[in-house]
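Worksheet: one structure, shown below.
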Amino acid sequence: MTELGSIDAGEEGCAYLTGELTFESVPDLYQRARNIMSGLPATVDLSKVTAADSAGLALLLEWQASRQAPAEPLKYINAPSSLMSLASLSEATELLNLSGREVKNP
């Protein structure tokens, strides 16, 4: 069974997304994330995101757009390759302040 998306507040200034960011999970995740996102984390770590589609991309764009401190945009780190591809195709990588997972060479 795949884990639907969840969000947790981590160390100061960072939130962690886990599981899927898909059409199925995003509506519930959006509602559950309100308190955490209103705490204005500076960074959202996507290292434990297992799947993402355009609904996941839209959620990240919504969080970035609703940021109350536009001078300090959210920073999304460790995005999976599927999300990086969607953002690139949509020309949203820079707008999202999105970076992918580091590739480790053996």
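Among the residues that make up segment 36-44, is at least one of them at pLDDT 80 or above and either more than 16 Å from residue 97 (Cβ to Cβ) or crowded, with 18+ Cβ neighbours inside 10 Å (or both)? Looking for residues that are at pLDDT 80 or above and either more than 16 Å from residue 97 (Cβ to Cβ) or crowded, with 18+ Cβ neighbours inside 10 Å (or both), one finds at least one in segment 36-44, hence yes.
Going through segment 17-56 one residue at a time, which ones are in contact with a Cys (Cβ under 8 Å, 6 or more places away or on another chain), over 16 Å from residue 79 (Cα atoms) and either part of a helix (DSSP H, G or I) or aliphatic (A, V, I, L, M) (or both)? Passing the criteria: none in range. The residues of segment 1-16 that are among the aliphatic types (A, V, I, L, M) and in a loop (DSSP other than H, G, I, E, B) amount to a single one, 1. All of 57, 4, 61 fail the test of being touching a helix residue (DSSP H, G or I) at 6+ places or on another chain (Cβ under 8 Å), closer than 18 Å to residue 98 by Cβ and at pLDDT below 95, apart from 61. Of all residues in segment 3-55, those being of a type in the set (Ser, Thr, Tyr), more than 26 Å from residue 91 (Cβ to Cβ) and under 12 Å from the mean Cα position of the chain (by Cα) number 3.
Results for (1) in contact (Cβ under 8 Å) with a residue 12 or more places away in the chain; (2) farther than 15 Å from residue 6 by Cβ, shown as yes or no for each residue.
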{"residue": "34", "(1), (2)": "no, no"}
{"residue": "38", "(1), (2)": "no, yes"}
{"residue": "51", "(1), (2)": "yes, no"}
{"residue": "54", "(1), (2)": "yes, yes"}
{"residue": "58", "(1), (2)": "yes, yes"}
{"residue": "65", "(1), (2)": "no, yes"}
{"residue": "76", "(1), (2)": "yes, yes"}
{"residue": "79", "(1), (2)": "yes, yes"}
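Taking the criterion of being free of Cβ contacts under 8 Å to residues at least 60 places away in the same chain, touching a helix residue (DSSP H, G or I) at 6+ places or on another chain (Cβ under 9 Å) and not in a loop (DSSP other than H, G, I, E, B), the residues of segment 83-93 that qualify are 84, 86, 87, 93.
The values are calculated or read from the model by the stated rules, or taken from the named source; none is laboratory data. In this text, all values refer to a predicted model and were calculated from it rather than measured experimentally. A quick note on method: Cβ atoms are made from the backbone with ideal geometry, for glycine too, and the neighbour counts reach across all protein chains shown.
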